[in-house]
Each structure stands twice: as structure tokens, then as C-alpha cells.
Amino acid sequence: MKTTIICCYYNEIDLLKAKLVKFINFIQKSKIEVEIIIVDNNSTDGTREFLKDFIKVSNYSNIFCLFNDKNLGKGGSIKKACEFASGKIICVFDIDEYEFDDLIIGIIFFNKKKLDLLIGSRILENKKFIYKKNLYGVIVLTKIINLLFKTDLTDSAGATKIFNLKLFKSTKVHTSGFDFEFELICKFAKEKFLIGEYPIKYEPRTYEEGKKINPW
């Protein structure tokens, strides 16, 4: 099934200059039918202008950019992109801390297992966290979700998430920040949708390098 890859950015000019073209070229070489929606969350560091120039000079027919007039949060940006997505599967992916090949592995795994939601788990792979507070926060939140919804997850905060767009549109998700991803899991689990995990490689950034999520 066609997959829509959603990448959200806020003030990430250096990251995009370093990795965006490499990521797109990698995806284009895959045998998976995809479109890529890039969302700029009202950046002020030149990210917005960089993306506009990139779209003008690129010849890709399956890549689109959305530009928010105000900061909608990561969750808000994902929800907006889902309104424009033509794929039946949505894949939320960050090119900053994750390996490109794990994305393709995840899409194949999602289809093979006929899942409704797939989460890339950093803990199944190597638990490579720079900040202990972030790791402990992930563990606590994941245990709470497992307790409340009888799931068996290891990393509810893994940024790579693949889900069925039709089911998502039938599910009301209220949050618009980083908490969007936790609500998504809880709502899918509550409806007894099929949720799975797979191990992903993870190279965390520091806050100085652009990491934004707060462990609290």
C-alpha cells in the first residue's frame, strides 16, 4: 500500500542541509510506493526559506511541503499533514537521530504483519540515551500505558511510528505537542487495534545540537 512519510521541522536548517537530500535519494531508490510530506512549523532560522528553494529546484513529483503560519507543535503538524496525505499508511519519521534503512524495514514489517500501528523501539535495540531523565521518562510512561491498556510495549516515545490513516481519521486525537504520540498509542490500544514494535538504531542528539523534547 502507498505510504505517506511525514517529516516535521522547526528551526532545523543545519540538519536539513546535511541530510535532507541524502534521505530523499535513499527513499527514491526503494521499491516502496511513497510520498513525502515535509512540514515546517513556522521556523525563524531559514528552514522555511531553504525548503521553499528546495521545492523550486527539485524535480521530485512525490514530495510536498506544508508551511504553518504559526507553531502547531509536532502533533499539530502531523495532524495537518494527514489531511493532505494520499497514502493509506502514515509513517512519522525523524531524519536527525534514526537510520534511513530502518524506515524501509518498518514499512515492510507493518504490511507483512498487517498491523494498525507500529512503533520503532530504541530500547529493543541498544538503549542509547544521552540523558538519563529521558530514558527514565520513556520507561515510566511506557509502563503506565502497558498497565492501563494491557499493551506490551518497551518504548512508547520512539519517534518512528507507522499507522493506518483510515483508523487514525476515525480516532479523535486532541493533543498537538510531543504528547500527541502517547495519545495516539492510548487511543489505538483502547480500540483494540493491532499494535507492534520493532527494534531501531538510535543516535541521539544533544540539546545543543537541536534536540527539543523535554523529559517532563
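Take residue 35: with every protein chain present and a 1.4 Å probe, its accessible area is about 10 Å². For the chain, the residue among 41, 54, 111 whose Cα projects farthest onto the positive side of the dipole built from Cβ charges is 111. Mean-square fluctuations from a GNM of the chain, with a 10 angstrom spring cutoff on Cα atoms, peak among 54, 180, 188 at 54.
When 201, 172 are compared by accessible area at a 1.4 angstrom probe, the order from most to least is 172, 201. In plain terms, the chain from residue 26 to residue 113 could stretch by 28.9 nm, reckoned as 0.36 nm per residue minus the Cα-Cα distance.
Only Lys, Arg, Asp and Glu carry charge here, each on its Cβ (+1 for the first two, -1 for the last two); on that basis the chain has a dipole of about 660 debye about its Cα centre. When shorter helices are ignored and each DSSP H run of at least 4 residues is given -39500 (n - 2.57), the per-residue value for the chain at 222 nm works out to -13000 deg cm²/dmol. Please give the net charge around residue 184, taking every other residue with its beta carbon less than 13 angstrom from that of residue 184, where Lys and Arg add +1 and Asp and Glu add -1. Spelling it out: positives minus negatives among the neighbours equals +2. Of the labelled figures [x] -0.23, -1.19; [y] -0.26, -1.31; [z] -0.47, -1.27, only one reflects log10 I(q)/I(0) by the Debye sum over Cα atoms at q = 0.08, 0.17 Å⁻¹ as derived from the coordinates, namely [y]. The distance between label points at residue 166 and residue 70 comes to 3.5 nm (points 7 Å beyond Cα on the Cα→Cβ vector).
Could you look at region 1-42 and say what percent of its accessible area is carbon and sulfur, using a 1.4 Å probe and all protein chains? Exposed carbon and sulfur together represent 51 percent of the surface. Straight-line cross-link reach from residue 52 at under 22 Å between alpha-carbon atoms covers these lysines, not counting any fewer than eight positions away in the same chain: 17, 19, 22, 70, 74, 79, 80.
The values are calculated or read from the model by the stated rules, or taken from the named source; none is laboratory data. Remember, predicted model here, so these are calculated numbers, not experimental data. Cβ atoms come from the backbone with ideal geometry, glycine included; neighbour counts cover every protein chain shown. Side chains included, ligands, DNA and RNA excluded: accessible areas come from the protein's heavy atoms. Shrake-Rupley method; radii C 1.70, N 1.55, O 1.52, S 1.80 Å.
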